[in-house]
Amino acid sequence: MTASGQQGLANERRHAAIERDVAVIRSNYATKEDIARLETQMARMETRLVKWVIGAMAASIVSVIGTALNLAKLLFPERAQNMRA
């Protein structure tokens, strides 16, 4: 095989490798549909997180109020009896 023939064969192999690499890169691209789907999932997750945070805050507030009232009853039992009467 001549030098130019070997060079041409080497160029064809490199070209094939580049085409393969480009195909792999393109297969990993995100399409508009992929991005839209991801945005929808993120919006749902944000809603769920907000609900959980609000629920946790409400539970914490109720717990603190209950603890404070019970602590007040223990520290000031005479006032607690006067309030019942």
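Structure summary
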quantity	calculated
Along principal axes, Cα extents of the chain, largest first, whole Å	112, 25, 7
Accessible area per residue, Å², the range 36-85 with all protein chains present, probe 1.4 Å	96 Å²
Accessible surface of the chain, 1.4 Å probe, proportion on carbon and sulfur as whole %	64 percent
Lys, Arg +1 and Asp, Glu -1 on Cβ, resulting dipole of the chain about Cα centre, debye, nearest 20	420 debye
Listed residue (His15, Asn82, Ala59) projecting farthest to the positive dipole end of the chain, Cβ model	Asn82
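The values are calculated or read from the model by the stated rules, or taken from the named source; none is laboratory data. Quick caveat, the model's predicted, so the values are computed rather than measured. Because the Cβ atoms are built from the backbone with ideal geometry, glycine has one as well, and the counts that use them run over all protein chains shown. For accessibility, only protein heavy atoms count, side chains too; no ligands or nucleic acids. Shrake-Rupley method; radii C 1.70, N 1.55, O 1.52, S 1.80 Å.
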